[in-house]
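All remarks here apply to the structure that follows.
The values are calculated or read from the model by the stated rules, or taken from the named source; none is laboratory data. Here the structure is a predicted model, which means the values were calculated and not measured. Every residue, glycine among them, receives a Cβ derived from its backbone with ideal geometry; neighbour counts consider all protein chains shown.
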Amino acid sequence: MVDREKQDNMDHQDRDEIYSKVIRAGKRTYFFDVKATRSEDYYLTITESKKVFDADGNSHYEKHKIFLYKEDFDKFGQGFDEAIGFILDNRPEMGPVENVASEPQGTFKSVEFEDLEDSK
C-alpha cells in the first residue's frame, strides 16, 4: 500500500512539471517552473536559490519561492515592468545595464559539479 502511494506521488510530480528555465545570476540561481494543478490549470513558481555558509563554513542553500497563478499574471507583469522601469530610470549613474552585465567579473571560470568530481 505504501509503495503504491509513493508511486502515485511520483506520477503526480512527473505530471505537474510542464516547463522549467534556470537562470544563473552571480551568487543566485533563479528557477522559473511551469506546473499544472489537479484540474490541469498552469501556474508559475519562481524560486531564488542562494548558497550561504554558516559560522563553521558549512554550506546550505537558502530558497525563496513565489507561486504565481494565471489570474494574477497581468497585474504581476505590470507591477514588475513598472518596478524595473523605475530602477532603470532612477538608479545612480552606472552606464547602460548591458555594459554592467558584460563587464568581466574577475578571473574566475565557471565550474560545474562534474568538474569537481573529476578532480578527486
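Here are some notes:
- Boolean, residue 26 is exposed (fewer than 10 other Cβ atoms within 10 Å of the Cβ), modelled with pLDDT under 70, out of contact with any strand residue (DSSP E or B) (no Cβ under 9 Å at 6 or more places or on another chain) and on the phi > 0 side of the Ramachandran plot: no
- Selection status of residue 16, within 21 Å of the chain's Cα centre (by Cα), among the acidic types (Asp, Glu) and at pLDDT below 95: yes
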